[in-house]
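First up is the structure itself, then whatever we jot down about it.
Read-outs throughout are calculated quantities, based only on the coordinates presented, and are distinct from any laboratory measurement. Keep in mind that what you see is a predicted model, and the values were worked out from it rather than measured. Backbone-built Cβ (ideal geometry, glycine too); neighbour counts: all protein chains shown.
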Amino acid sequence: MFGNLFRTPPVIARDIFIYNTASGQLETFEPHKATDVKLYSCGPTVYDYIHIGNLRSFLMADITKRVLIRNGYLVSHTMNLTDFGHLTDDGDAGEDKMMKSLKREGLDITLKSMRKLSDGYIDAFQADLHELRIMPPTTYARASDYVKQQISLIKTLEEKGFTYQTSDGVYFDISKFPTYGTLGNINLDEMRSGARVEVNTQKKHPADFAVWKKGSLGWVSRWGTGFPGWHLECSAMAMATLGKQIDVHTGGEDLQYTHHNAEIAQCEAVTGKPFVKYWLHNAFVNIDGGSKISKSKGNAVNLRHVLDRGFSGDDYRYWLLTAHYRTPVTFSWEALKAAKQALYRLKRHMFEEYKNKPSVPDKTYLERFDVRLAQDFDTPGAIAIMWELVKDKNLSDSTKAGTLLAMDEVLDIGLSEDPTVGARSLGVIALNDIPDDIKALIDAREIARISRDYAEADMIRQQLTQKGYTVEDSEHGPKVTKQ
């Protein structure tokens, strides 16, 4: 799927502007190293199928990476897979999601069962990414494979005086890290004054978070058997795979308040260096009149539900790209149908009108397209330029095809398919795939049409319809689709 990407020569000649959640402003992108970018993305907790709202975060990371690569950067990308110990409440309370899933599926409560359970959901997650043409990361960091590094990080935090123990685990003391809560502008005084009776009254502050949770199941450590805290795993795996300082960190907007503040505190407490240069957070995908898609709300729609209704991964990808990643969107089947129709028209231009015979891209359109994407990954603006290109009567079909191919290296909405595959995606049937009896009817209809025997042509069309085929006349001859 990704073999034909980035044929357009990369250049580092244009500034890329990124909205940094940490500053609340657009900033000119300047990585720590001139051409090498370290990118970390918060991945899923693999206790169930992810829903389509989750997929927006991974698409944002994908577009970010493609734009950076397009502009000549080398991107090292890590995505975590949480396969243990993520509580249903990010504030260290609630039931463990993996334990809950083991019970739901009738599996033994063991580390072996947990690994087996997560194997299946990791496969399903990666299949969803493939369906949406999302490039895989350089490294999938599975939390259970990095327990040694997580325990080592806790030891270092303890030695530096940033933790304390309670009866149920080890906690990070945010009072020792004065800048805690900067991301998302957390008001810690209000949090303390508004706190209800704590589940764990031994916590010094409501915002203190677990770096180790004791339990009957888990790994052995000097703090007892248990699991590293959920927030800790990303810190440990980011530093293990990318180093002490990374350039870009992506995730859903809800993660900035607790999870990402905890990551910052843990990493910077250990290294004394700024952990992340640019924080990118995508807005939610809503449903049912504006409520967030969530498993806990019982309104989750999975990608397989989308596919079962006759939509493709390209359709959903295109729909998401028509809105800016920082803008909340409301999912509906009607909205997805409209996106499908629009993408269908684009593909018809590419695979039927232009016949996917590209020449050199138009420099002006391509530069405008790339400039839009360099403005905080403005995909709706880039798509608007794509449609403007299609409607431009001053360009040849081959130039349009070449320009669309170059644009699709970043958007990847299916315009780069092999022409035969692309035509089939529209339901168009190649001549060699049409049964002989259907070919005979098509030929007979074409003869009747050329002879202007329209009554005979219409009668044959009805016969084809009854057999499940549709014929549409075009300047290139009859086009046949299977109903």
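Quick rundown of the values:
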| item | result |
| --- | --- |
| Pair Leu111, Ser396: separation of 7 Å Cα→Cβ label points (nm) | 6.5 nm |
| Fraction of antiparallel bridges per DSSP, the chain only, in percent to nearest 5 | 55 percent |
| Likely footprinting exposure, Trp223, Trp387, Trp279, Trp212, fewest C-beta neighbours within 10 Å first | Trp387, Trp223, Trp279, Trp212 |
| Cross-link reach list, aspartates and glutamates versus Lys391, counting only Cα pairs under 13 Å and skipping chain neighbours closer than eight places | Glu353 |
| Measure of compaction for the range 16-58 (Cα Rg per 2.2 N^0.38 Å) | 1.59 |
| FRET E, pair Asp458, Lys355, Förster distance 22 Å, beta-carbon r, rounded to 0.05 | 0.15 |
| Convex hull per residue volume in Å³, alpha carbons only, for the range 17-282 | 124 Å³ |
| Estimated FRET transfer efficiency when R0 is 30 angstrom, pair Thr201-Ser152 (beta carbons, to 0.05) | 0.50 |
| Whichever lysines have a C-alpha closer than 17 Å to that of Lys357, once near sequence neighbours (fewer than 8 apart) are set aside | Lys347, Lys400 |
| Cross-link partners of Lys112 among lysines (Cα-Cα below 21 Å; sequence separation of 8 or more within a chain) | Lys97, Lys100, Lys103, Lys148, Lys213, Lys214 |
| Whole-angstrom Cα spans of the range 303-425 along principal axes, big to small | 39, 35, 21 |
| Using a Förster distance of 30 Å, the FRET efficiency for Val371-Thr138 (Cβ separation, nearest 0.05) | 0.65 |
| Extension gain from Arg309 to Thr28, taking 0.36 nm per residue of separation minus the Cα-Cα distance | 97.0 nm |
| Footprinting exposure proxy for His77, His32 (fewest neighbouring C-beta atoms within 10 Å first) | His32, His77 |
| With 20 Å bins from 0: P(r) over the chain, alpha-carbon pairs, percent | 21, 48, 23, 7, 1 |
| Sorted by Cβ neighbour density within 10 Å, fewest at the top, the residues Met459, Met99, Met350 | Met459, Met99, Met350 |
| For the range 366-411: span of alpha carbons on each principal axis (Å, largest first) | 31, 17, 14 |
| Student exercise, the chain dipole from Lys, Arg, Asp, Glu Cβ charges, in Debye to nearest 20 | 520 debye |
